[in-house]
Amino acid sequence: MATKMAGRARTAKKPTPAVRKTAPAPKKAARAVKKPAPKVQQPAMIRKTIDPGWAWDDRLPLAQARQIGNTIYVSGQVAYDSNGNPVGEGDMRAQTRQVFDNIRAVLAAAGARLEDIIKINTYITDQSRFMEMLDVRREIFGANPPASTAVVVSALAFPGLLIEVEAIAVKA
């Protein structure tokens, strides 16, 4: 019997794997092909250099501000008057007021105001004078202060400077 079984096993065809037949996919109904909308050329953002008219900064390779669209990026302002003379030597409050007067002048040259400022970065050289700076900022911004960052640094670009502030404003 073992021989017969073995014989049958030898002569039997191996079953082939079942071929899986799938029904053809139903045809999709015709649909309208959407053409991409024509590209509307956006007007280029207007980029302007803002110059408040100070002669002292003409020799420096910088812009006091750049305007792109309705956003104004004000370079770091220090306690120099419009003639380039330092203001408030050793006096954090006086220097802070001058810095914000300068920011006000730069923004005015761009047709903006201090109220348009949304962000400031402040750099001071003496952490113990931080509250003096904040007192003046409180006078200037009142109940509507911008977002801000303050950093204590070892020195600023020119001797005697205690504070530098850069600002970002969005014209209304």
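At a glance:
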| read-out | value |
| --- | --- |
| Size of charge dipole - region 47-170 - debye, nearest 20, with Cβ of Lys, Arg +1 and Asp, Glu -1, no other charges | 400 debye |
| GluC sites (Glu not before Pro) lying in DSSP loop within region 88-138, provided at most 12 other Cβ fall within 10 Å | GLU89 |
| Two-site label geometry, ALA172 and ALA44: point separation in nm, points 7 Å out along Cα→Cβ | 3.2 nm |
| Net lengthening on full extension, SER154/LEU62 (0.36 nm per residue, minus Cα-Cα) | 30.9 nm |
| Residue-span extension gain [PHE130 to ALA143] - 0.36 nm each, minus C-alpha spacing | 2.8 nm |
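Readers should treat all values here as calculations from the given coordinates under stated rules, not as data from a laboratory. Note that this is a predicted model, so its numbers are computed, not measured. Don't worry about glycine lacking a Cβ; one is built from the backbone with ideal geometry, like all the others, and counts go over all protein chains shown.
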